[in-house]
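One structure below.
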Amino acid sequence: MPASMGYLDSLAVSGDLKSATFINVGYGLNQDFVLTGDRQISTSSFRNLHDAWLYMSQNIHYGDGGTCFGLRRADVLRRSFVPRRYIVRG
């Protein structure tokens, strides 16, 4: 289900955004720069939130990944331990 307007702001106010993990899904190149046609999945941790942008870590040393450059569309979901998934950006 798509996230409601102000969803990330409400997470920031409650303090839950700092520990949030986001799931990136989309079609693109894998870690070997090969386009397989398979849906790729990675996770990213929160870095910062600005008026127009959500910044997420893609630092592999912390186990974070990201989306492929040149990827036309990738969805970002917030990992949650409740049975809901929210699309933050699509």
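Where a number appears in this text, it was derived from the coordinates with a stated rule and is not lab data. Everything numeric here is computed off the predicted structure, so don't read it as measured data. Cβ placement follows ideal geometry from the backbone for every residue including glycine, while neighbour counts extend to all protein chains displayed.
The set of residues from region 55-64 being part of a loop (DSSP other than H, G, I, E, B) and loosely packed, with under 15 Cβ neighbours inside 10 Å comprises 59, 63. Considering region 3-20, the residues that are surrounded by 11 or more Cβ atoms within 10 Å (Cβ to Cβ) and not in a loop (DSSP other than H, G, I, E, B) include one that is nearest to the chain's Cα centre (by Cα), namely 8. I'm checking my understanding of the structure. Among residues of region 21-39 that are hydrophobic (A, V, I, L, M, F, W, C) and free of Cβ contacts under 8 Å to residues at least 24 places away in the same chain, which one is surrounded by the most Cβ atoms within 10 Å (Cβ to Cβ)? Per the stated criteria, the residue is 35.
Could you tell me whether residue 29 is touching a Gly at 6+ places or on another chain (Cβ under 9 Å), more than 18 Å from residue 64 (Cβ to Cβ) and hydrophobic (A, V, I, L, M, F, W, C)?
On the way: touching a Gly at 6+ places or on another chain (Cβ under 9 Å): yes; more than 18 Å from residue 64 (Cβ to Cβ): no; hydrophobic (A, V, I, L, M, F, W, C): yes.
So residue 29 does not fit the description; no.
The set of residues in region 16-43 being within 18 Å of residue 57 (Cα to Cα) and out of contact with any strand residue (DSSP E or B) (no Cβ under 7 Å at 6 or more places or on another chain) consists of 16, 19, 31.
Could you list all residues from region 30-54 that are part of a strand (DSSP E or B), among the small types (Gly, Ala, Ser) and under 30 Å from residue 13 (Cβ atoms)? Give the derivation first.
Here is the first cut: in region 30-54, the ones part of a strand (DSSP E or B) are 35-49, 54.
With the extra rule that they be among the small types (Gly, Ala, Ser), the set shrinks to 37, 42, 44-45.
If the condition is that a residue be part of a strand (DSSP E or B), among the small types (Gly, Ala, Ser) and under 30 Å from residue 13 (Cβ atoms), then 42, 44, 45 are the ones that fit.
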